[in-house]
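All of the numbers you see were taken from the coordinates with simple rules; none came from a lab. This is a predicted model, so every value here is computed, not measured. Ideal geometry is used to build each Cβ from the backbone, glycine not excepted, and the neighbour counts take in all protein chains shown.
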């Protein structure tokens, strides 16, 4: 799928390991251990395929990944999915790449029989734009867990009904 010079693809490639590390690092929002987790999920998918439970959408410009989502069904639920990661290279922020990614991800979740999407994020001030992005895309706050990630860094859980 191509839109506004962005091509979206869902088949992970070995080169995506370095691309994900680069994209997530560029945002300056994640600690090294969090970046390692992002990389572990693509490695798990490449190793185990769909049995890993991790699915991806990559946004590319001229064949180079500039953003991605990682999502999957939530174990022991009938139709709920987590959006584990959505990240866009910092130099590409403001170009609607994240919007293309989240819309396509929701479409793919619906195609898998998914009805709900859950997203967890931080309450830190540097996540204000992220939380605003989720609100713009129709996500609502379901829970607010104080001091979850660290002192004064709460976990905010968003949800959205995507079944139509």
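Between the alpha-carbon centres of the stretch 62-80 and the stretch 114-153 there is a gap of 17 Å. For Rg and Dmax of the Cα atoms in Å, the value computed from the atomic coordinates appears in the list (i) 15.1, 42; (ii) 16.0, 52; (iii) 14.7, 45 under label (i).
In percent, what relative contact order does the stretch 2-161 have, based on Cα pairs under 8 Å that are 6 or more apart in sequence? Kindly include the intermediate steps, with their values, before the conclusion.
Working: 259 pairs, mean separation 28.2, N = 160.
Averaging sequence separation for qualifying contacts and normalising by length gives 18 percent for the stretch 2-161.
So, R0 is 41 Å and r is the distance between the beta-carbons of residue 125 and residue 48; what FRET efficiency does that work out to, to 0.05? Intermediate values should be presented prior to the final figure.
Values: r = 37 Å, r/R0 = 0.91.
FRET efficiency, residue 125 to residue 48: 0.65.
Over the Cα atoms of the stretch 33-118, Rg to Rh with Kirkwood Rh, two decimal places?
Values: Rg = 13.1 Å, Rh = 13.5 Å.
Ratio of gyration radius to Kirkwood radius: 0.97.
Once fully extended, how much extra length lies between residue 112 and residue 27, figured as 0.36 nm per residue of separation less the alpha-carbon to alpha-carbon distance?
On the way: separation 85, 0.36 × 85 = 30.60 nm, distance 2.98 nm.
Extending this stretch completely gives an extra 27.6 nm.
Counted by neighbouring Cβ atoms within 10 Å, the residues 88, 66 run from fewest to most as 66, 88.
Please arrange 50, 77 by how many other C-beta atoms lie within 10 Å of their C-beta, fewest to most.
Values: 50 9, 77 13.
Fewest-to-most ranking of 50, 77: 50, 77.
Name the most mobile residue of 51, 19, 87, meaning the one with the largest mean-square fluctuation, in a Gaussian network model of the chain with Cα contacts below 10 Å. Among 51, 19, 87, the largest GNM mean-square fluctuation belongs to 51.
Look at 68, 149 and count the other Cβ atoms within 10 Å of each Cβ; fewest to most, that gives 149, 68.
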